[in-house]
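Here the structure comes first, spelled out in structure tokens, and everything after it is commentary.
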Amino acid sequence: MENYIAAAQSRLDDLHQLMNGKRKVGSIHLGGIYIECLLKGMICMGHTVTDSSGISKWIVDGNEMSRPCHVLCSPVHRQLLGSLYDDMPSDISHALNYIQRPEGINYIDYRYIPEESIEEEKYDYWTEQFISVFLYLERKKHEI
């Protein structure tokens with residue numbers, strides 16, 4: 001079973017390096033991966049989770065279910081992290097959706113985007129949204 005919390009911390013360290021180097025595409029891509037890892041880690045903190053023999057499946061509290069993929073607000077997330085999503089203010093929900101698909105492109109697919117295609121003001125907006133989600137999740141992970 002993966003250690004998602006440790007992976008999240010490693011991706012956050014990588015993200016800091018990219019942001020300090022003004023690498024916009026890498027920042028957007030790894031910022032989404034950081035949040036993905038953190039959310040999966042929060043699921044593992046709040047539930048008994050093991051790998052299943054099924055492809056892309058987990059055993060959560062004794063029940064087999066789909067493993068959350070590269071989506072930050074899926075039915076699986078809502079089911080297993082209900083209070084996190086139920087309590088989420090609308091501006092944070094909006095920010096999380098934006099981190100999922102900045103400018104209509106999934107964060108995972110940013111690995112295919114050339115650096116020069118990201119305008120500075122759009123990157124600044126992404127950064128604001130990321131910080132909002134980051135602060136919210138940092139606060140909420142201590143409640144699990």
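The values are calculated or read from the model by the stated rules, or taken from the named source; none is laboratory data. Just so we're clear, the structure is a prediction, and the values are computed from it rather than from any experiment. Note that each Cβ is placed from the backbone with ideal geometry, even for glycine, and that neighbours are counted across all protein chains shown. Accessible surface areas use protein heavy atoms only, side chains included; no ligands, DNA or RNA. Shrake-Rupley method; radii C 1.70, N 1.55, O 1.52, S 1.80 Å.
The table that follows gives values for the structure above.
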| read-out | value |
| --- | --- |
| Residue that is closer than 18 Å to E2 by Cα, open to solvent by 20 Å² or more (accessible area, probe 1.4 Å) and not small (G, A, S), where the choices are D86, D51, D91 | D51 |
| Hits in segment 120-133 - residues which are open to solvent by 40 Å² or more (accessible area, probe 1.4 Å) and either touching a helix residue (DSSP H, G or I) at 6+ places or on another chain (Cβ under 9 Å) or under 30 Å from I144 (Cα atoms) (or both) | E120, K122, Y125, E128, I131, S132 |
| Subset of segment 102-112 (residues that are open to solvent by 40 Å² or more (accessible area, probe 1.4 Å) and part of a loop (DSSP other than H, G, I, E, B)) | I105 |
| Qualifying position, being under 18 Å from the mean Cα position of the chain (by Cα) and closer than 19 Å to L137 by Cβ, among S66, S10 | S10 |
| Which numbered condition I92 fails, given (1) at pLDDT below 95; (2) of a type in the set (A, V, I, L, M, F, W, C); (3) closer than 30 Å to N20 by Cα | (1) |
| Unique match (being closer than 12 Å to H70 by Cα and either in contact with a Leu (Cβ under 7 Å, 6 or more places away or on another chain) or crowded, with 19+ Cβ neighbours inside 10 Å (or both)) among I35, I43 | I35 |
| Number of positions in segment 118-142 that are without any contact (Cβ under 8 Å) to a residue 60 or more places away in the chain, among the hydroxyl-bearing types (S, T, Y) and over 22 Å from M42 (Cα atoms) | 1 |
| From the options D14, D61, residue that is open to solvent by 40 Å² or more (accessible area, probe 1.4 Å), of a type in the set (D, E), without any contact (Cβ under 8 Å) to a residue 40 or more places away in the chain and closer than 17 Å to T127 by Cβ | D14 |
